[in-house]
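Peer 1: Below is a structure I'd like to ask you about.
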Amino acid sequence: MLLLGFQRRCLKSTLRSQNALFSSRPLLRLKRIDSRPYVQQHFKSGHSKSGRNNIWIVGMSLLLMTGAGTLAYYNFKPFRHALLAGARCSRVAEAAILGVIDYKITFLKSYASENERLEACSECHTRSATRLLRALLANGGIFIKLGQHMASIIVLPKEWTNTMRPLQDQCEPTPYEAVDAMFQSDMGKSIDDLFMDFDPKPVGVASLAQVHVATLRETGEKVAVKLQHPHLAEFADIDMEMVEVSLGWIKYWFPEFELTWLGEEMRINLPKEMDFVHEASNAAKTSYDFQHVRTSLYIPKVLFAKKRILVMEYIQGGRVDDLEYLAEANIDRNKVAIELSRIFNRMVFINGWFHADPHPGNLLIRSAPIFSKSPYNFEIVLLDHGQYFDIDDELRINYSKFWLSLMAPGSPSVQADRKKYAELVGNIGPDLYPVFEAAITGRAALEGTWDEQSDAEPTFKRASGMMSALPQSKEEMEAIRTAVVAREGLLISVFDVLRRVPRRVLMVLKLNDLTRSLDHALATTHSNIRIFLVTAKFCLQSVWHSDQERLIDAMRVRGLLSFGLLLEYFQCWWKYEKSLTFVVLTETFMDSQAYAYKMRDWINGLRRQGFRGAHKAAAGLEV
């Protein structure tokens, strides 16, 4: 206010001075006696000169402002960051707010039929996801990572996850000159100093880094060189601020559509992913955890690591879901699916330390070398160890018990156990339990889950437990696809589940989704619950080890001859052995059944194209 008053006083003073000046100049009044043509000619001439002067002043001002802005953009980071932040934030905020408004309008409309309503909701999902996809691609960098996180949230509608999934592959490579300059800055040596051969074209590009193939000058060893995109170091902090601000705006205007937890998770984990020394440490820990386990898992050796540069052993192989590659290498796709389930279930239920960014791009498969410890003729190579989570023992045991209750036949006591452990594991109450169960199992719902809330009979038969689940029918898959819009308020329930569930549990859901999707992509001939039997075995082992440690600790205090403890120990052991024997027998039956299906395919292929056709058909390829 003081400044405004000062400006007003200055203006009045200036006007008074000008009036006094003009009143003291009589020559201006003498021009009134001049002829009219002369006055008009004089006015036009003065106006023309004044116009040209104004245009010149405006042009020079714009030129100076443009030049000053350009200099400030390239030389003054806060100015550059402010401009980019405003542009990036506005893109995401516009897409998100338009999407929420679209949802509000779609849900408030009335429709002639249920099918018309479901179709309208599906189109709304697709429109909203496409808007956000465009904004994320335009922003790049950290925003690509945000989209990748959304693609992995399996409780979101399929239209969302399918739209965001291409972000795994649509990443622009950094030009060679830029990564060469970063290499020189971080290593104190040029790329040519360290490598005798370096392919400037990356073999893989992700949101945070790209990978090149090179040959070490000192040893001649072929290596993979992972280089972080140089611009991330400058813009990571400002991008994270913009992600959190955008999600905060959405929460403020539309509280029911809360996704602020996504920004919080990225704020915690992104710096770890951007530190390749941390990634090398994660790889070493995972190798140690599997050191004494006979497994097909292989972790590439890290040769050296800097914060933005990682040089590791080069592994040549195929995608784990490439059926043609598996057929050429004579690798059994059923065993691949089962072994993948063993690897990740061991991480979660036994080690309590698991890979939190699983997708087919982070997995390679190759024929097992001569001295491999793999029990099969292949090795599964796990890449990109930037993001891992640990699980505390209490959560790990409760999650194991939750899975065992899902596997057990349904009964009032079993259903009560399921809801109890859902509360302990995911902070999920009875009202949100059906959504959480569907996210865990990948099925529409088990028997009794929706009974109290459903008015219509389902078009498919629900299983009482995962052990009795039939192969997923088209009707059930359609029910899963439309579940979010088929029930009033269920979309809001999905966001509520995402907000309540601990981040570690949410990351475990990504692992569940990976094993299920790969089992489907590999066109396995075993039952669709075969990989769940692997989960059950590790859950049984986890619970038994916990009971064993608890009872042995109690015996140390109360003495080995405590009859009650000895009886409880025997009961826990017997329950474990009985359940494990049942699972193993079921596995044997399903594996025999799967082998019979493969032989049937082999014979059909033999009839059509001879032995080559038989081999292709048994490998899941079309003949």
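Peer 1: Summing +1 for each Lys or Arg and -1 for each Asp or Glu, what net charge is found among the other residues whose Cβ lies under 10 Å from the Cβ of Leu98?
Peer 2: That works out to 0.
Peer 1: Given region 491-623, what count of lysine pairs have C-alpha atoms under 24 Å apart, with each pair 8 or more places apart or on different chains?
Peer 2: 4
Peer 1: Net charge near Val213: determine it from the other residues with C-beta under 15 Å of the C-beta of Val213, scoring Lys and Arg +1 and Asp and Glu -1.
Peer 2: With Lys, Arg at +1 and Asp, Glu at -1, the neighbours total 0.
Peer 1: Treating only the Cβ atoms of Lys and Arg (+1) and Asp and Glu (-1) as charged, compute the dipole magnitude of region 169-320 about its Cα centre; round to the nearest 20 debye.
Peer 2: 680
Peer 1: Just to confirm a number: summing +1 for Lys and Arg and -1 for Asp and Glu over residues other than Val293 whose beta-carbon lies under 9 angstrom from that of Val293, what do you get?
Peer 2: With Lys, Arg at +1 and Asp, Glu at -1, the neighbours total +2.
No value in this document is a laboratory result; all are computed from the given coordinates. This is a predicted model, so every value here is computed, not measured. Reconstructed Cβ throughout: ideal geometry from the backbone, glycine too, with neighbour counts over all protein chains shown.
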